[in-house]
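To keep things clear, I will list the structure first and then write my remarks on it.
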Amino acid sequence: MHNKVYKKIDVLNQSLWSGIFLFSIPLILSNLLQVLFNMADVCVVGKFAGSLALGAVGSTTVLITLTTGLLIGMGSGVNAVVALYLGAKDNKNVSKAIQSSFVISFVMGLLLMALFILFSKSILLSMGTKNELIDDALLYYRIYLLGTPALSLYNFSGSVISASGDTKRPLKFLSIGGLVNIILNLIFVIIFKMSVVGVAIASIVSQYLSSYLCMNHIIKTKENFNLNLKELKIDRVMALRVLAIGIPSAIQYALFSFANLFVQSAVNSFSHIFVEGNAAAVNGESILFQMMDAIYIASTTFIAQNLGAKNKNRILKAYWICIFYSSFLGLIGGVLIYFFRYPFLSLFTNDIEVIEAGTARIIVMLLSLWISPFMDCSAACSRGLGKGIMPALFIILGTVVFRLIWIFYVFPNNHNIFTLYYLFPISWIITGIMETIYFFYCFKKIKFT
């Protein structure tokens, strides 16, 4: 089955409008499936295990985003460096980058699993997780964390395959894992009444399956992005190049999620109805953010490969096309979910009060989501140019620092849910301005010898 040929996107020569679109579609579907892993958990427990189980799983969403965000951040470093050398047709450095990235990703997955399992209870308690939710939330999250090494290696191998121009194969592997996840969810929760334990186990089984399929491909492939485990070694210079982009991006994701822990704590200051409504509504953002993130991955790949090929004109065109596609997705998706907010929220809960509470987040967040690409896409494009530190610093200042100031100084003076949610679009505008200016500053400085 692994001999099937998948047509790759010609990142260096194909029309950018069609190339970015065709490259992004499988990534969008892949990212949606990753969201469905957690959404299936939320949906099944909400429908078949009750509102308290829904609140318990929903209370861990920010922590799961933190864990996966660290791995996605490191994956962006892998993608940018591998794509750069693929574009330059430098097979020796492609091999060095892949081997070094594998070691980094594997070690990082193990460390994150151990650290978060150790401190998970302290973090949940510091977030003000409700007493009636804490036990199930802790149990679900600790089991889920056992899949972190698999998630790390999936992000690594998927980043390598995508950097080569093939985004269909990771979609196929994730689809298999996603199907297994949903089937196991239904079996464990409905038939065996395992509630949060069942959905957590289903998630990690699917993660290990997808990771195995993806890793197996890059180990067995005869193409120039092959991973040879028998000759595995880490190249110090190449590892530093990957880390120079990956670590700032991972820290950015971590601090971004850290700020959202305080947002979750602020949500927890309301009744459990609002906590559960928030947990249901956030799934709409997860869907759209992941769809838009596919465009951001495309922007890094296209810009890095064309930087390696020394094609400055295509770099600028790719930037604007990716901004357009991601903003358009955010606008159309946000409006659609807003108009269908009641049936959407009813997927996750039968409680009408919880549904009403969830509409507040949808109204503020999803109708302004189209602004966020000026922050996220511009940062991804800068990473494609090999710049990791400054884009991360701007996001830390414009979102993390700003959101903490808002929560501690603005929100307490006007304690209502809308005041809390307004911090998101305002922070996107502030950070988007900084990221856009920085990208063009870096672009103008590009000189090829």
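The values are calculated or read from the model by the stated rules, or taken from the named source; none is laboratory data. This is a predicted model, so every value here is computed, not measured. Here the Cβ positions follow ideal geometry from the backbone for every residue, glycine too, while neighbour counts run over all protein chains shown. The accessibility values were calculated without ligands, DNA or RNA, using every heavy atom of the protein model including side chains. Shrake-Rupley method; radii C 1.70, N 1.55, O 1.52, S 1.80 Å.
Observations on the structure shown:
- Per-region count, the range 91-113, residues touching a residue at least 12 places away in the same chain (Cβ under 8 Å) and farther than 15 Å from Arg241 by Cα: 7
- Pairs where the first residue, in the range 154-168, is more than 11 Å from Val78 (Cβ to Cβ) and the second is assigned to a helix (DSSP H, G or I) and polar (S, T, N, Q), C-beta under 6 Å, 6+ apart: Tyr154/Ser210; Tyr154/Ser211
- Within the range 298-315, being open to solvent by 50 Å² or more (accessible area, probe 1.4 Å) and not polar (S, T, N, Q) holds for Lys310, Lys312.
- Scope the range 365-383; condition of a type outside the set (Ser, Thr, Tyr) and open to solvent by 10 Å² or more (accessible area, probe 1.4 Å); matching residues: Leu367, Trp370, Ile371, Phe374, Asp376, Arg383
- Within the range 75-88, not a single residue is under 17 Å from Ile251 (Cα atoms), open to solvent by 40 Å² or more (accessible area, probe 1.4 Å) and not small (Gly, Ala, Ser).
- When Ile182, Ile191, Ile187 are checked against the criterion of being farther than 30 Å from Ile417 by Cα, among the β-branched types (Val, Ile, Thr) and modelled with pLDDT of 90 or more, a single residue qualifies: Ile187.
- Going through (1) open to solvent by less than 30 Å² (accessible area, probe 1.4 Å); (2) in contact with a Ser or Thr (Cβ under 9 Å, 6 or more places away or on another chain) one by one, Tyr438 falls short only on (1).
- Number of residues in the range 9-25 that are open to solvent by 10 Å² or more (accessible area, probe 1.4 Å) and either in a helix (DSSP H, G or I) or under 15 Å from Ile161 (Cα atoms) (or both): the value is 8.
- Lone unmet requirement of (1) on the phi > 0 side of the Ramachandran plot; (2) open to solvent by less than 10 Å² (accessible area, probe 1.4 Å) for Gly386: (2)
- Taken over the range 196-237, the criterion of being crowded, with 19+ Cβ neighbours inside 10 Å, of a type in the set (A, V, I, L, M, F, W, C) and more than 23 Å from the chain's Cα centre (by Cα) is satisfied by Phe225, Leu227.
- Members of the range 120-141 found to be farther than 12 Å from Thr67 by Cβ, of a type outside the set (Asp, Glu), open to solvent by 30 Å² or more (accessible area, probe 1.4 Å) and assigned to a helix (DSSP H, G or I), listed by number: Lys121, Ser122, Leu125, Ser126, Asn131, Leu139
- Note on the range 363-413: residues that are at pLDDT 90 or above, farther than 24 Å from Cys322 by Cα and within 19 Å of the chain's Cα centre (by Cα) amount to 0.
- Complete set of residues in the range 267-277 that are open to solvent by 10 Å² or more (accessible area, probe 1.4 Å) and either part of a helix (DSSP H, G or I) or hydroxyl-bearing (Ser, Thr, Tyr) (or both): Ser269, Ser271, His272, Ile273, Phe274
- Note on the range 83-103: residues that are within 17 Å of Cys381 (Cβ to Cβ) and in contact with a Ser or Thr (Cβ under 8 Å, 6 or more places away or on another chain) total 1.
- Sole exception among (1) polar (S, T, N, Q); (2) in contact (Cβ under 8 Å) with a residue 12 or more places away in the chain; (3) surrounded by fewer than 19 Cβ atoms within 10 Å (Cβ to Cβ) for Asn416, by number: (2)
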